[in-house]
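Student: Take this structure first; my questions come after.
The values are calculated or read from the model by the stated rules, or taken from the named source; none is laboratory data. Source: prediction; values computed, not measured. A quick note on method: Cβ atoms are made from the backbone with ideal geometry, for glycine too, and the neighbour counts reach across all protein chains shown.
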Amino acid sequence: VLEAAAHLAPQLHCVSAHPQHQHLVAAGASDGALYLWDDRLLRAPAVCLPASGRERAHGADVWGLQLCDANNYGDLLSCSSDGTLQAWPLPRILVDNAQGVPSREQRTLVQLHMPINSLDYSADLGMLIAASDAEMLTCIDMR
């Protein structure tokens with residue numbers, strides 16, 4: 001059983017397992033935090049990207065995320081009520097966390113004034129699609 005302490009995350013909204021590295025699991029929380037587990041090592045999250053401070057993941061609920069191999073954009077994609085769609089380089093996150101350094105390598109792919117509610121990445125097409133409260137789909141060629 002993988003656990004996030006109750007005081008760390010009021011609610012976990014979404015979860016994703018990596019397609020090639022099944023031991024990696026990520027979850028997004030109602031406080032804007034992202035959690036990453038390596039189930040070979042510990043029950044507690046291997047990485048917690050916090051919801052506050054300079055290194056915060058998102059400023060509001062994380063509604064969607066996906067672990068994937070997205071070329072130069074990152075291996076963890078996340079979207080939030082704060083209107084951002086972000087890409088996180090997974091190897092960098094794991095290395096920084098092991099050294100006790102918060103990762104600052106994320107890239108904001110989209111910044112909207114309305115919540116982004118869901119996302120999906122197609123490895124075959126190299127395409128990322130996100131849906132938002134703006135009643136539109138945002139498509140990004142990730143190749």
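Student: Quick one: HIS18 ticks every box in (1) over 14 Å from GLN106 (Cα atoms); (2) surrounded by fewer than 17 Cβ atoms within 10 Å (Cβ to Cβ); (3) modelled with pLDDT under 90 bar one, so which box is it?
Tutor: All conditions pass for HIS18, except number (2).
Student: How many residues, within segment 117-141, are under 15 Å from GLY64 (Cα atoms) and surrounded by 13 or more Cβ atoms within 10 Å (Cβ to Cβ)?
Tutor: Of the residues in segment 117-141, 12 are under 15 Å from GLY64 (Cα atoms) and surrounded by 13 or more Cβ atoms within 10 Å (Cβ to Cβ).
Student: Do we find a residue being modelled with pLDDT of 85 or more, in contact with a helix residue (DSSP H, G or I) (Cβ under 9 Å, 6 or more places away or on another chain) and surrounded by 17 or more Cβ atoms within 10 Å (Cβ to Cβ) anywhere in segment 59-81?
Tutor: Scanning segment 59-81, I find at least one residue that is modelled with pLDDT of 85 or more, in contact with a helix residue (DSSP H, G or I) (Cβ under 9 Å, 6 or more places away or on another chain) and surrounded by 17 or more Cβ atoms within 10 Å (Cβ to Cβ), so the answer is yes.
Student: Here is a follow-up. Looking only at segment 106-143, filter to residues that are acidic (Asp, Glu) and part of a strand (DSSP E or B); which one of those is nearest to CYS79 (Cα to Cα)?
Tutor: Initially, segment 106-143 is screened for residues acidic (Asp, Glu), giving 120, 124, 133, 135, 141.
Keeping just the survivors that are part of a strand (DSSP E or B) gives 120, 141.
Working: ASP120: 10, ASP141: 17 Å.
If we take residues in segment 106-143 being acidic (Asp, Glu) and part of a strand (DSSP E or B), then ASP120 is nearest to CYS79 (Cα to Cα).
Residue-by-condition table, conditions (1) among the small types (Gly, Ala, Ser); (2) surrounded by 14 or more Cβ atoms within 10 Å (Cβ to Cβ); (3) modelled with pLDDT of 90 or more:
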position: CYS48; (1), (2), (3): no, yes, no
position: PRO91; (1), (2), (3): no, no, no
position: PRO102; (1), (2), (3): no, yes, no
position: MET114; (1), (2), (3): no, no, yes
